[in-house]
């Protein structure tokens, strides 16, 4: 059970991170929003996304150890990116809303688990 | 000479050359690679598939490793030994696998007088041969694994798969070179835009899963490194067995002497080995029984938990005994790895390829990324034709339309035809009568016949119809599979739910999901075709009116 939860947590953070990285690109930002993406906002998105991806390492490594953890994490990154690209193409608003929710849930659970 | 150097220095020319390599190399290999990828991806769940394909197996008996005693194991070995001494006294090899959680029967295999492998399975309680009513004869999920690495063609198949895997590595690297906007298009997939969408799908599926694709192709080659690169062994060792003895850190394989000698009681060898390892054993083999060179190898029970989360598996323990005198020849202690670093590197890559280091979590990751690779192969092959359907590139002069037609037919049967054959394989498992001789062999033969049938169908029908008809066949076979299972075995999804048989629940739900995906694909293809028909009729209308 703990394995399943931690893996879901890792996938959620990877998904949110990948979503953020792609939305920091004008082409994908415009799929959601008619407003123009400002350079500052793009930088911020990119920073937050990279932070999310780094965070996503923690649940995976805590489950698998460093060596296998990194292997599994690389797999999760790809899986999350494939999921994101598929959803963005057909349901962009749903995909982005999901990314936002998962980012919050992911970070919140990380903090709770870390404190407890 | 000067000219060629100048040409080679032009980056545009280099990219063009790589594009040619990627297009044609990719096309020729894509049909085989699609098969390797699809069956390999399905094969990730080989045990779960074998479980579903053996609905009677659960009735043979439950096996509980916790209550398993040495007495029970010794009784099982005695029964197996009696059977083998009776049926195969003149064998080169006996193998006995004890009941396990995955399989409650005693599994036997041996080489007969014609040096062919035979198998039998015994009831763990009575020691009698299991009847077809107790257990259907099937290759199960191993069929997919064997398709994946050897096309059911032995060493020749292993070489073929290796050849195509090398082309895959070439295609991956050349693909990276010709992809001009790998980062700009990183997350790009624009559906409903014809050729553009196929290219997007091809790029996205390969770029997003690139680390996995490179890893799986390379480690796949490394699994068979001594097959693909035998020269190093030939040049440095008098005999491959010397090499393998060194690699495995074990005494050399003893060749047959031709001198008859009575086999030492196998049960006693087994008991002795367990005492030496200080742990339960699960497998014993006897090489050259009846010959004075006979050797017994006893393998300790593989403890999954000890190796979960490890890439380098620890030894489960192994004892090698002289099977004539019973004398100890070698002992490999359990829970250590006592072999060379080079061998450790090979083992780690093998584990990475086999996806058996992290339970279902890792298997699902491999399944999804394997499907991404399968999509990469399919979209690549389809893209080749989509590009040329609109405007012929005339590569083959007057023969071009014929070559294109042949490629289209091969595309259809290699992609949708194989999908149909894979799902039909499960139907065959349920519908083929249990009494058929060599039933497992027939399952595989029918798999190939159905695949061949799809080639015939593709050749006889117009391409756009053939795609849709085969995909419809795939979707129907997938969606109806649980019903066929219910009609033939009386087992169904709710039954599995109630029993807590999550492996079978997962199997049937996954099959249903693929049926639904098949229907979606048909819908997309139909919408696209209607659009094309509209466009064509719009173009031709004025003409017909004026005529």
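The values are calculated or read from the model by the stated rules, or taken from the named source; none is laboratory data. Just so we're clear, the structure is a prediction, and the values are computed from it rather than from any experiment. Cβ sites come from the backbone with ideal geometry, for glycine too, and all protein chains shown count toward neighbours.
Looking for whichever is in a helix (DSSP H, G or I) and free of Cβ contacts under 8 Å to residues at least 12 places away in the same chain here; the options are B:247, B:233, B:227, B:207. Which one fits?
Sole residue among the options that is in a helix (DSSP H, G or I) and free of Cβ contacts under 8 Å to residues at least 12 places away in the same chain: B:233.
Does residue A:23 satisfy the criteria of being crowded, with 21+ Cβ neighbours inside 10 Å, over 17 Å from residue A:75 (Cβ atoms) and within 13 Å of the chain's Cα centre (by Cα)? Outline the logic, then answer.
On the way: crowded, with 21+ Cβ neighbours inside 10 Å: yes; over 17 Å from residue A:75 (Cβ atoms): yes; within 13 Å of the chain's Cα centre (by Cα): yes.
Yes, satisfied.
Among the residues of segment A:18-48, what is the count of those that are assigned to a helix (DSSP H, G or I) and within 12 Å of chain B (Cβ to nearest Cβ)?
The initial filter retains those residues of segment A:18-48 that are assigned to a helix (DSSP H, G or I), namely A:18-23, A:26-32, A:39-48.
Applying the additional criterion that residues be within 12 Å of chain B (Cβ to nearest Cβ) yields A:18-23, A:26-29, A:31.
The qualifying residues number 11.
Give segment B:82-91 a look and list any residue that's modelled with pLDDT under 90 and surrounded by 17 or more Cβ atoms within 10 Å (Cβ to Cβ), or say none.
Result: B:88, B:91.
Kindly evaluate residue B:218 against the criterion of being touching a residue at least 40 places away in the same chain (Cβ under 8 Å), assigned to a loop (DSSP other than H, G, I, E, B) and surrounded by 16 or more Cβ atoms within 10 Å (Cβ to Cβ). Spell out the reasoning first.
Values: touching a residue at least 40 places away in the same chain (Cβ under 8 Å): yes; assigned to a loop (DSSP other than H, G, I, E, B): no; surrounded by 16 or more Cβ atoms within 10 Å (Cβ to Cβ): yes.
No: the conditions fail for residue B:218.
For segment A:64-115, which residues satisfy the criterion of being more than 14 Å from every other protein chain (Cβ to nearest Cβ), over 19 Å from residue A:3 (Cα atoms) and surrounded by 15 or more Cβ atoms within 10 Å (Cβ to Cβ)? Before the answer, list the steps.
Step one: filter segment A:64-115 for residues more than 14 Å from every other protein chain (Cβ to nearest Cβ), giving A:93-94, A:97-98, A:100-115.
Filter once more, so that each one left must be over 19 Å from residue A:3 (Cα atoms): A:93-94, A:97-98, A:100-101, A:103-104.
If the condition is that a residue be more than 14 Å from every other protein chain (Cβ to nearest Cβ), over 19 Å from residue A:3 (Cα atoms) and surrounded by 15 or more Cβ atoms within 10 Å (Cβ to Cβ), then A:98, A:103 are the ones that fit.
Within segment B:111-128, count every residue that is under 30 Å from residue B:427 (Cα atoms) and touching a residue at least 24 places away in the same chain (Cβ under 8 Å). Spell out the reasoning first.
Filtering segment B:111-128 down to residues under 30 Å from residue B:427 (Cα atoms) leaves B:116-124, B:128.
Remaining after also requiring touching a residue at least 24 places away in the same chain (Cβ under 8 Å): B:118, B:120, B:122-124.
The number of residues fulfilling the criteria is 5.
Of the residues B:343, B:367, only one is within 30 Å of residue A:61 (Cα to Cα), outside the structural domain of residue B:450 (by TED's automatic domain parsing) and at pLDDT 95 or above; which? Steps first, please.
Working: B:343 fails: at pLDDT 95 or above.
None of the other options fit; the residue is B:367.
Kindly establish whether residue B:358 is touching a helix residue (DSSP H, G or I) at 6+ places or on another chain (Cβ under 9 Å) and either farther than 22 Å from residue B:220 by Cα or surrounded by 18 or more Cβ atoms within 10 Å (Cβ to Cβ) (or both). Give the steps one after another, and end with the answer.
Values: touching a helix residue (DSSP H, G or I) at 6+ places or on another chain (Cβ under 9 Å): yes; either farther than 22 Å from residue B:220 by Cα or surrounded by 18 or more Cβ atoms within 10 Å (Cβ to Cβ) (or both): yes.
Against the criterion (touching a helix residue (DSSP H, G or I) at 6+ places or on another chain (Cβ under 9 Å) and either farther than 22 Å from residue B:220 by Cα or surrounded by 18 or more Cβ atoms within 10 Å (Cβ to Cβ) (or both)), residue B:358 qualifies.
Yes or no, residue by residue, for (1) closer than 25 Å to residue B:344 by Cα; (2) touching a strand residue (DSSP E or B) at 6+ places or on another chain (Cβ under 7 Å); (3) at pLDDT 90 or above:
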position	(1), (2), (3)
B:230	yes, no, yes
B:265	no, no, yes
B:281	yes, yes, yes
B:307	yes, no, no
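Being surrounded by fewer than 18 Cβ atoms within 10 Å (Cβ to Cβ) and part of a helix (DSSP H, G or I), is that true of even one residue in segment B:185-198?
Checked segment B:185-198: at least one residue is surrounded by fewer than 18 Cβ atoms within 10 Å (Cβ to Cβ) and part of a helix (DSSP H, G or I).
With respect to residue A:12, determine if the residue is part of a helix (DSSP H, G or I) and more than 10 Å from every other protein chain (Cβ to nearest Cβ). Lay out the reasoning, then the answer.
Numbers: part of a helix (DSSP H, G or I): yes; more than 10 Å from every other protein chain (Cβ to nearest Cβ): yes.
Yes: the conditions hold for residue A:12.
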